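Step one of this worksheet: look at the structure below.
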Amino acid sequence: MRRLPWTPIAAFALIVVIALLAPWLGLANPVSMDVPHRLAGPSAAHWLGQDEFGRDVFARLIWGARVSLSVAVAAAALACVVGTTLGVVGGFLRGIAEILALRSIDVLLCFPPLLLALLVVTLLGPGATTLIPVLALVYLPGFTRVAYAGVLTARSQDYVEAMRVLGAGKSRIMLRTILPNIGGPLLVQFSLAMAAAVVLESGLSFLGLGVVPPAPSWGLMIGAARATMTQAPLLLLWPCLALTATILVMNALCDGLRDAVDPHPAYRPTARRLLDALAPGLLPTPRAVLDLRGLTVEIDTPHGPIHPVRDVSLQVFPGETLAIVGESGSGKSVTSLAITGLLPGAARVISGAACLDGTDLLRLSEDRLRNLRGAAMAMVFQDPGSSLNPVHRIGDQIAEAIIAHRPMPRAQATSAALALLQRVGIPDPARRLRAFPHELSGGMRQRVMIAIAIANGPRLLIADEPTTALDVTIQAQVLDLLADLKRERGLALLFITHSLPVVAEIADRVAVMYAGEIVETGPTAEVFLNPRHPYTAALLRSAPVEDGPAPEGIAGVVPPPTALPPGCIFAPRCDRAAPVCTTTHPALEAAGEGRAVRCIRWNQP
Amino acid sequence: MTWLLRRLGISLVLIWVVATVVFLAIHMVPGDPAELLLSQGGTTPDAGVVEELREQLGLTKPLHVQYGLHMWRLLHFDLGQSMQDDSPVVAEIARRLPRTLELILAAGIMAVLIGIPTGTAAAMRRGGAFDRISSAIASLALAVPVFVVGTLMVMVFAQMLRFVPAGGFTPFTRDPAQHLALLAMPAGAIGIGLSAVVFRMTRAAVLDVMLRDYVRTARAKGVTPNRILVRHVVRTALMPVVTILALQLGTLLGGTVLVEFVFNWPGLSGLLVSAVNARDYPLVVGIITVISVLFVGLNLAVDVLYGLLDPRVRR
Ligand code: SF4
């Protein structure tokens, strides 16, 4: 559970305390009448005036809270006990108990809540004692569902299985493991039921079907004040205010509890911030399609800014594949998102330059960048299952990419889409155009993503772990397709992966990233044969090789971006580390033809 | 297709169970309906009169015979006669139901027109001034019970400002302008809370969809922000919103009771309250059965609609 909603908790506690203390607050008797002073305005003895029978309005408000809350708490508690029992028993015993519990809930849900309440009131007659079972019945299904879902989840977990194997009785397992687990959601449900019960109780009392006069209840007070609203509008206003404020507090409590029990990340919009200054005196690398210089990305976190990508420079040439390889968290994906301007809200580029055919992407307006995205540069993402919109047809999604950059009639775009599907090797493309993403296999979906990427003849294709979600044979086919396209169209391919075999298969050159920095670059074959950075060497040793010795893992863990070591970031895990490594941060230095390495000791024995 | 048939079958079973539950509930009531009806006003009724009424209501027959008879009549859309004036229950319901549906529909349209655009706008500028103000208004709207809104509306617009009549009903065919003027307040009272629900749902759904990978894909394709919003974000975000709204409208089938009472709108729910007060069992059973059947039917419709909106559900 995360942060509790303290403000609404305190406000709610205040209301509860006032309601509890009502008899001892020295209030006027809420039911004693004083007809001669009916509808009297506020006075010293009656702060909020007197109602149509001369009763003290303030006292009736406070006592009304007591009635309202006690009915709500009792109803929610009853619903909670019965509902949870049904859910737990149903989920745990399965079989006939499960069917009975769940189906009876389904039947309850067939009646709109207020209707259900009215039905029971018809049967039992109005009154506060009827209200409690009525409201309990209405809110019971929520508890059953939460409890049932909780039990099903808990059942599948190892420790419950383990306890069962150890011979623990069913009831003991239920009490010891499952109830504590569903406590949070049940609490949320309880607060929801309570808030709703306050609303329903006041409504029923308002209709004269709930609390019976002369007992004080906000619903009754509002109903009665209607008759005199022209003479004494305040009489109507006070109970309305009390009721609304109570519900407001209880709703806030529900929302707060829900967020605390089930925290979920949510989209935060932020405008992409452009780098203002021009990149300081850099000569663009001739012929390079992508020329990335000194890219540094910052993310604001509650613990201060972190820099998941620092000073990353690389070039990709036409017809060439550059692979960025690194473990998860090494910053390779963030690098690609920074290039394309698709970084999530909290992250931003703070320095560097990224030139696509000489245009610095980091200093382009969003509109101009959008004109390049999907046209001159295109992307293929890791999970084709979630990257395609589930509710649109494949053909429409490809056509959309074409039309975004080359306005043309729909039919023409569709035939272009057909040709693209054919090119990426999808059998029966005419039929597949009309298919929805879920009707295709993972490999097919990734081919569709590739079709979308090449739709406008990009110069640069960025593929972020495009084969990770696929199984091995499909993986090989997709790699072949990418290699073919690269050759055929002279694409510059920036390929991001964590897999060394994939690098060996597809890349001309490789850049190894570790904890946000490039530690080594060079032609793939040379780097693999003769790694110059201890991390690259360790990575190669840890990769499974056919018929080779068993892979050995790298000792230690990647340092968290909040606590990077002061010297070489690899020093804590490096088998060649010397004292100097912990104080001096090495620069990326040239290390032979086309190679560079970020290690102080690379050329020392 | 089989999916549709199965849903239809489940709904039919549910309707049968609901009708049975309502029947049993009424017959398991402590005390005898006939006796209760006659003892209104604290008098102890004459035993002979009670017996006569029991005969008349068919209560002397064994329970299973009564049940069979009840179901048989239901199949023929016969809900019996009102105990108050012997008029057929079906006719009375048929007269009142359209008025309640009109109220619900008007409120639903209001909620869609207000809730979806503001919810989307608030999500797009999350944390901004518009988001904070509209979210606060929605929280307030959700906290004010519908009968409070209604009563306050009557006080302000009818009693103090005298814009509109305090309540009542004029058939559309007799005076369309007056009909709509009378519709405005009750529909508005329901619509305010409903708009807040739709606003919140839309906002949450849009925020959720904005994080989806396919929105990133659309951006990567270079699609314009407006088109992403309409085609990818709102289109998908609407699915849960439509579901919730439809279910909310369903609960309103019984939930317009309070508003009909406040504005003196002679709809089905008002009929139900007076039937409950008069302990008119055939009328209560009839209304509750009809509303529950409509509710089940609506749930079915929502499922079908969901299938149309989301191709993944269709199988
Ligand atoms: S600088 Fe030192 S610690 Fe870092 S990789 Fe080289 S040898 Fe290892």
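Structure notes:
- Filtered by the rule that a residue be at pLDDT below 85 and closer than 16 Å to B:Val89 by Cβ, the stretch B:241-270 gives B:Ser269, B:Gly270.
- The single condition among (1) assigned to a loop (DSSP other than H, G, I, E, B); (2) modelled with pLDDT of 80 or more that A:Met229 does not meet is (2).
- A:Arg363 passes every criterion in (1) under 26 Å from B:Arg235 (Cβ atoms); (2) buried (at least 18 other Cβ atoms within 10 Å of the Cβ); (3) away from chain B (no Cβ under 12 Å) apart from (1).
- Some residue of the stretch A:515-527 being open to solvent by 50 Å² or more (accessible area, probe 1.4 Å) and farther than 23 Å from A:Ser386 by Cα: yes
- For the stretch B:303-312, a residue qualifies if it is open to solvent by 10 Å² or more (accessible area, probe 1.4 Å) and more than 10 Å from every other protein chain (Cβ to nearest Cβ), and the qualifying residues are B:Asp303, B:Val304, B:Leu305, B:Tyr306, B:Leu308.
- Within the stretch A:97-123, the set of residues being open to solvent by 30 Å² or more (accessible area, probe 1.4 Å) and not in a helix (DSSP H, G or I) comprises A:Leu109 only.
- Where a residue in the stretch A:222-243 is facing another protein chain (nearest Cβ under 8 Å) and its partner, wherever it lies, is among the β-branched types (Val, Ile, Thr), with Cβ under 7 Å and at least six apart: A:Ile222/B:Val148; A:Ile222/B:Thr151; A:Arg226/B:Thr151; A:Leu236/A:Ile222; A:Leu236/B:Thr151; A:Cys240/A:Ile222; A:Cys240/B:Val148; A:Leu243/B:Val148
- Total residues in the stretch B:246-301, condition under 25 Å from A:Gly219 (Cα atoms), touching a residue at least 40 places away in the same chain (Cβ under 8 Å), open to solvent by 40 Å² or more (accessible area, probe 1.4 Å) and more than 10 Å from the chain's Cα centre (by Cα): 2
- Filter pass, A:Thr584 being touching a residue at least 12 places away in the same chain (Cβ under 8 Å), near the ligand (Cβ under 9 Å from one of its atoms) and part of a loop (DSSP other than H, G, I, E, B): yes
- Members of the stretch A:251-264 found to be of a type in the set (A, V, I, L, M, F, W, C), more than 8 Å from chain B (Cβ to nearest Cβ) and crowded, with 19+ Cβ neighbours inside 10 Å, listed by number: A:Leu253, A:Cys254, A:Leu257
- Residue within the stretch B:132-143 that is touching a residue at least 60 places away in the same chain (Cβ under 8 Å), within 22 Å of A:Leu207 (Cα to Cα) and under 25 Å from the mean Cα position of the chain (by Cα) present: no
- Selection count, the stretch A:187-221, where residues are within 45 Å of the chain's Cα centre (by Cα), surrounded by fewer than 21 Cβ atoms within 10 Å (Cβ to Cβ) and within 11 Å of chain B (Cβ to nearest Cβ): 0
- Some residue of the stretch A:588-605 being modelled with pLDDT of 90 or more and either away from the ligand (no atom under 12 Å from the Cβ) or surrounded by fewer than 13 Cβ atoms within 10 Å (Cβ to Cβ) (or both): yes
So that you can scan it fast, the table gives a plain yes or no per residue for (1) modelled with pLDDT of 70 or more; (2) away from chain A (no Cβ under 14 Å); (3) out of contact with any His (no Cβ under 7 Å at 6 or more places or on another chain); (4) assigned to a helix (DSSP H, G or I):
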site: B:Leu5; (1), (2), (3), (4): yes, yes, yes, yes
site: B:Ser11; (1), (2), (3), (4): yes, no, yes, yes
site: B:Ala34; (1), (2), (3), (4): no, yes, yes, yes
site: B:Gly41; (1), (2), (3), (4): no, yes, yes, no
site: B:Glu51; (1), (2), (3), (4): yes, yes, yes, yes
site: B:Gln56; (1), (2), (3), (4): no, yes, yes, yes
site: B:Tyr67; (1), (2), (3), (4): yes, yes, yes, yes
site: B:Trp72; (1), (2), (3), (4): yes, yes, yes, yes
site: B:Phe77; (1), (2), (3), (4): yes, yes, yes, no
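- Across the stretch B:123-153, the number of residues qualifying as within 11 Å of chain A (Cβ to nearest Cβ) and part of a helix (DSSP H, G or I) comes to 18.
- Among the residues of the stretch A:385-401, those identified as at the interface with chain B (Cβ under 9 Å from one of its Cβ atoms) and in contact (Cβ under 8 Å) with a residue 40 or more places away in the chain are A:Gly385, A:Ser387, A:Leu388, A:Asn389, A:Pro390, A:Val391, A:His392, A:Arg393, A:Gln397, A:Ala401.
- Considering the conditions (1) closer than 26 Å to A:Thr296 by Cα; (2) within 15 Å of the ligand (Cβ to nearest atom), A:Ala563 is excluded by exactly one of them, (2).
- Within the stretch B:224-244, considering residues that are within 12 Å of another protein chain (Cβ to nearest Cβ) and of a type in the set (Ser, Thr, Tyr), the one least open to solvent (accessible area, probe 1.4 Å): B:Thr236
- Restricting attention to the stretch B:248-305, the residues that are of a type in the set (D, E, K, R) and in a helix (DSSP H, G or I) total 2.
- Residues located in the stretch B:102-122, provided they are of a type in the set (Gly, Ala, Ser) and touching a Ser or Thr at 6+ places or on another chain (Cβ under 7 Å): B:Ala111, B:Gly115, B:Gly119, B:Ala122
- All positions within the stretch A:456-489 that are surrounded by fewer than 19 Cβ atoms within 10 Å (Cβ to Cβ) and acidic (Asp, Glu): A:Asp471, A:Asp480, A:Asp484, A:Glu488
- Residue selected from the stretch A:501-539 under the condition assigned to a loop (DSSP other than H, G, I, E, B) and in contact (Cβ under 8 Å) with a residue 60 or more places away in the chain, by the criterion farthest from the ligand (Cβ to nearest atom): A:Asp508
- Checking every residue in the stretch A:79-87 against the condition of being under 25 Å from B:Thr251 (Cβ atoms), in contact (Cβ under 8 Å) with a residue 12 or more places away in the chain, in a helix (DSSP H, G or I) and open to solvent by 40 Å² or more (accessible area, probe 1.4 Å) gives at least one match.
- Every test in (1) more than 28 Å from the chain's Cα centre (by Cα); (2) more than 22 Å from A:Ser333 (Cα to Cα) is passed by A:Glu439 save one, and that test is (1).
- Residues that are without any contact (Cβ under 8 Å) to a residue 24 or more places away in the chain and near the ligand (Cβ under 6 Å from one of its atoms), drawn from the stretch A:566-576: A:Ala571
- Taken over the stretch A:291-318, the residue count meeting the criterion of being surrounded by fewer than 18 Cβ atoms within 10 Å (Cβ to Cβ) and in a loop (DSSP other than H, G, I, E, B) is 3.
- Pair list, Cβ under 7 Å, 6 or more apart: the stretch A:108-127 residue touching a residue at least 12 places away in the same chain (Cβ under 8 Å), other residue part of a loop (DSSP other than H, G, I, E, B) and buried (at least 19 other Cβ atoms within 10 Å of the Cβ): A:Val121/A:Leu209; A:Pro126/A:Leu209; A:Pro126/A:Gly210
The values are calculated or read from the model by the stated rules, or taken from the named source; none is laboratory data. Nothing here was measured: the structure is a model prediction, and the numbers come from that model. Don't worry about glycine lacking a Cβ; one is built from the backbone with ideal geometry, like all the others, and counts go over all protein chains shown. Protein only, heavy atoms only, side chains kept; ligands, DNA and RNA dropped before computing areas. Shrake-Rupley method; radii C 1.70, N 1.55, O 1.52, S 1.80 Å.
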